[in-house]
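Below is one structure, written out as structure tokens; the observations come after it.
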Amino acid sequence: MHRKYWINRVNSIRPSDITPEGVWLDRRRWLAGAAVLPLAAAVARPAVAAPAPPPLAASRNARHSVDDTPTSWDDITSYNNFYEFGTDKGDPRAHAGTLHVRPWSVAVSGEIEAPGTFTLEDLLKPHPLEERIYRMRCVERWSMVIPWIGFPLGDLVKRLKPTSRAKFVAFKTLYRPREMPGQRAGWLAWPYVEGLRIDEAMHPLTLLVVGLYGRELPNQNGAPLRLVVPWKYGFKGIKSIVSIHFTERQPPTSWNLAAPDEYGFYANVNPAVDHPRWSQASERRIGASLFAATRPTLPFNGYAAEVASLYGGMDLRRWF
Ligand SMILES: Nc1nc2c(c(=O)[nH]1)N[C@H]1C(S)=C(S)[C@@H](COP(=O)(O)O)O[C@H]1N2
Ligand SMILES: [Mo]
């Protein structure tokens, strides 16, 4: 893949410089980044949580919903990973109010019949929205249960008519450092990029998401459009998407570029494959009572019956 096309600014950072997804902070880098954040927030608007977004109607798809108790709205919208707004879990809610999510457009390019640019409205128009309650598992070993609103990515892929050379789909987040203070720090090479194999993108569980809990997506959760792949670690779920690119070759992904020994392209949830620095055998369910919080990690995050066949012949002990 042509890195230049995807990455505006490549940083020569070592894995030890990278913040969570479990890693320690390089103190100088952190201080530099921390100085940027309050300043940006003060200039743009005070760092207070935005009001809840407008309601968004969608009927529940029970067949694709789990029975686990959903995590609270407060937890889902205040404990976030969105490094464009900072590396602390509370930073996205505090700072993402500065992001303008309208107007919004999405470029579709590469191996498809008619490359071009859609307004968000035109992109969404043909697709009926549904609610699906999915498990969500971060590689940092916490999990949630989230009532998303969206539609299958596969329906959009079909509509875009990929050529026979389209083997992968690559996604890009907005690059707008004026509104995304984290992009003025070197935590990752911006913009954030992610990708799926085309059969993963076509799988009926893979969602493009525009809302949660009966409302439009809060900025901190990736407004106005994000990806959700429930059997993979959360970092695959790229937020605030502005580009969808079809390609013959496996595209670069942000966390793999930052720490190739730690974060793979496939990143399927797997209790048997440990992260180099910690076990993935168990997880902590955010908001659950002390006794119920720690639970075993499920293969493919509990979606093995639906997705394991995608990986026939692959060595699941590797997550690269
Ligand atoms: N653009 C972008 N997308 C991103 C991230 C990010 O930092 N930037 N973090 C990822 C990670 S590590 C996780 S766990 C999920 C968190 O989604 P949530 O905050 O809605 O729970 O978003 C993913 N998508
Ligand atoms: Mo994550």
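Evaluate Rg over Rh across region 189-253, taking Cα atoms for both radii and Kirkwood's formula for Rh.
Taking Rh as the inverse mean 1/r over Cα pairs, Rg/Rh reads 0.96.
Determine the sum of side-chain charges near Ala293: Lys and Arg each +1, Asp and Glu each -1, restricted to other residues whose C-beta is under 10 angstrom from that of Ala293.
Around Ala293, the charge tally is +2.
Applying a 10 Å radius around every beta-carbon, put 237-247, 69-79 in order of their mean neighbour count, most first.
237-247, 69-79
Mind checking the full-extension length gain between Ala292 and Arg178? Use 0.36 nm per residue of separation minus the Cα-Cα distance, one decimal, nm.
So the extension gain works out to 36.9 nm.
In region 229-279, carbon and sulfur make up what percent of the accessible area (probe 1.4 Å)?
45 percent
Scan around Tyr192 for amide H atoms under 5 Å from its own, H built in the peptide plane at 1.01 Å from N, and keep only partners 5 or more places away or cross-chain.
Thr173
If r is the Cβ-Cβ distance from Asp261 to Asn61 and R0 is 41 Å, what FRET efficiency results, to the nearest 0.05?
The value I calculate is 0.60.
Can you give the extra length, in nm with one decimal, that the chain gains between Leu310 and Arg159 once fully stretched, where that is 0.36 nm per residue apart less the Cα-Cα distance?
Working it through step by step, the gained length comes to 52.2 nm.
The values are calculated or read from the model by the stated rules, or taken from the named source; none is laboratory data. Because the structure is predicted, anything quoted here is derived from the model rather than measured. Glycine gets a Cβ as well: all are built from the backbone with ideal geometry, and neighbour counts include every protein chain shown. Ligands, DNA and RNA are stripped out before the accessible areas are found, and what is left, the full protein with its side chains, is counted by its heavy atoms. Shrake-Rupley method; radii C 1.70, N 1.55, O 1.52, S 1.80 Å.
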